[in-house]
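Report on the structure given below.
What follows draws every value from the coordinates through simple rules; no lab data is involved. Since this is a predicted model, take the numbers as computed values, not measurements. Ideal geometry is used to build each Cβ from the backbone, glycine not excepted, and the neighbour counts take in all protein chains shown.
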Amino acid sequence: MQKDDQGQALVIERIFAAPREKVWNAWTDPEMIKKWWGPKNFTVPHAEIDFKVGGKYLFAMRGAAGPGQPIRDFWSGGTYREIVPMEKIVMTDSFTDEKGNIVPASHYGMTGEWSTELKVKIVLEDQDGGTKMTLKHVGIPAGENRDGAREGWGQSFDKLAEILK
């Protein structure tokens, strides 16, 4: 992540009452991802991770169907760019189809000027007997999109806090 990305970055810090290894595993184990990824009313029917530099991930978030609306899966994927065990993960992030092919944000009804490839950086540090996690998500358009992403990540991290207990 370059300094000029900061203006477009969504940055969230969270302290978890869990050792760093548990938080790390929550990001690297597909079965753990299925338990916390996505906002509160979403499930994860598919999580595939090839956790190595150059490896890929592919997740599906399933939204609860509203009245008269079908259940819909929202796919995302990317490539791991940097891994420092127990400390840092840097990866790309894109909207995809179920095969991992990149699709525009508009494929899922998103508005705004989205890049087809965003960047995510997760840093873990020991703090007060727990783990401080800093997430930096670069490339989300400002305004409603970034506000929605902040809320979605926040709800995901609430779920993560629950499973780390």
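Backbone geometry of the range 78-95 corresponds, through the Karplus equation with coefficients 6.51, -1.76 and 1.60 at θ = phi - 60°, to 3J(HN,Hα) couplings of x, 10, 6, 9, 8, 9, 10, x, 6, 10, 8, 10, 10, 8, 7, 8, 9, 6 Hz, x marking Gly and Pro. Pairs exceeding 18 Å between alpha-carbon atoms, taken from Lys34/Lys119; Lys88/Lys119; Lys22/Lys56; Lys40/Lys132; Lys56/Lys88; Lys99/Lys136: Lys34/Lys119; Lys22/Lys56; Lys40/Lys132; Lys99/Lys136. How far is the Cα center of the range 16-75 from the Cα center of the range 112-147, in Å? If we compute the Cα centre of each part, the gap is 15 Å.
Of the candidates Gly55, Gly100, Gly143, which one comes out as most mobile in a Gaussian network treatment of the chain with C-alpha springs shorter than 10 Å? Most flexible of the set in this elastic network: Gly143. The C-alpha radius of gyration of the range 3-163, expressed as a fraction of 2.2 N^0.38 Å, stands at 1.00.
Amide H contacts for Asp29 (H built 1.01 Å from N in the peptide plane; partners 5 or more residues away or on another chain; cut-off under 5 Å): none found.
Between Pro30, Pro141, Pro70, the residue with the greatest mean-square fluctuation in the GNM of the chain (Cα pairs under 10 Å linked by springs) is Pro70.
Compute the relative contact order of the range 3-163 as a whole-number percentage, counting only Cα pairs closer than 8 Å that sit 6 or more residues apart in sequence. All intermediate terms of the calculation are to be shown ahead of the outcome.
Values: 335 pairs, mean separation 45.5, N = 161.
So the answer I get is 28 percent.
GNM, the chain, Cα, under 10 Å: largest mean-square fluctuation among Lys136, Lys121, Lys52? Judging by the Gaussian network model, the answer is Lys52.
Let me make sure I get this right: for the range 14-72, a, b and c are the square roots of the gyration tensor eigenvalues over alpha carbons, sorted descending. Under 1.5 in a/c it's rounded, otherwise prolate if a/b > b/c, else oblate. Which is it?
Working: a/c = 3.63, a/b = 1.57, b/c = 2.31.
Oblate, since a/c reaches 1.5 and b/c is not below a/b.
Site pair Ala161 and Glu117 shows an inter-label distance of 3.5 nm when each label is modelled 7 Å from Cα along Cα→Cβ.
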